[in-house]
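Each remark here refers to the structure printed beneath this line.
The values are calculated or read from the model by the stated rules, or taken from the named source; none is laboratory data. A quick note: this is a predicted structure, and the numbers were derived from the prediction, not measured. A quick note on method: Cβ atoms are made from the backbone with ideal geometry, for glycine too, and the neighbour counts reach across all protein chains shown.
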Amino acid sequence: MPAPYPELQSALSLFLDRLDRELRESGFSGKPVQMYLAGGLAVNYYCGTRYTGDIDASFSHRILLQDDQLVLEYRKRDGSSALLYFDRNYNASLALLHEDFETDSLEWEGIGNERRLVHLRVLAPLDVAVSKVARFSTQDRQDIRDLARVAGFGIEALRKRTGEALLNFIGNHTPIRTSLDLLERDLQELETQPPPSSQPGESLT
């Protein structure tokens, strides 16, 4: 499986160190807070594709975060400056998520969870894809293709997981079903293509 960009992972690790320090300074000493990562960073974790600046994540606890701790500057591999920031607009209650997204999430290994009061977990590839079916921008569509190629799921699995997620949502389901119809052709095309060769951190797009 392709690896996430090393410099992006390092920046995320520093961000988690900040959260850990803030929790310890507040006096918190309970069980570690679980942080569930979605969005572009989750795609980068699984696929090693594209930079992204925003952290889309939810937590197992209600947590007060200070704005000055939510933005971190780092350098990309080409030496240019970039920002990593927590997106306060992300809301798990409004995102299309399966009811088991937390249970089925995977630990981000190698990022130092064992030394922190914040443990980073990543939504399973199929759940990341489901969350992107609802928004379905051009980038979301490409992300779903990349996730399907790396994780090996097809349109039937995506339809099934999305349908299960929709059981807990009210509102107009038609745009989501239309997006799935478009994705059917995309994912069928992938099945006929040979797997790409990639190096850790190399973009597949």
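List of remarks:
- Conditions (1) over 15 Å from LEU12 (Cβ atoms); (2) aliphatic (A, V, I, L, M); (3) surrounded by 14 or more Cβ atoms within 10 Å (Cβ to Cβ); number of the one not met by ALA82: (1)
- Candidate set: the stretch 168-178, residues that are in a loop (DSSP other than H, G, I, E, B) and either in contact with a strand residue (DSSP E or B) (Cβ under 7 Å, 6 or more places away or on another chain) or in contact (Cβ under 8 Å) with a residue 12 or more places away in the chain (or both); chosen: the one surrounded by the fewest Cβ atoms within 10 Å (Cβ to Cβ): ASN168
- Pick from the stretch 91-136, criterion of a type in the set (Gly, Ala, Ser) and at pLDDT below 95, ranking: nearest to THR162 (Cα to Cα): ALA134
- When residues in the stretch 112-149 are screened for being β-branched (Val, Ile, Thr), surrounded by fewer than 20 Cβ atoms within 10 Å (Cβ to Cβ) and under 18 Å from ILE55 (Cα atoms), 0 of them pass.
- Unmet requirement for TYR36, which otherwise passes all of (1) in a strand (DSSP E or B); (2) surrounded by fewer than 20 Cβ atoms within 10 Å (Cβ to Cβ): (2)
- Unmet criterion (only one of (1) farther than 29 Å from PHE153 by Cβ; (2) out of contact with any Ser or Thr (no Cβ under 7 Å at 6 or more places or on another chain); (3) not basic (Lys, Arg)) for CYS47: (1)
- Near pairs, Cβ below 6 angstrom, 6+ apart or cross-chain, from the stretch 41-58 (within 16 Å of ALA129 (Cβ to Cβ)) to any residue that is among the acidic types (Asp, Glu) and assigned to a loop (DSSP other than H, G, I, E, B): ASP56/ASP87
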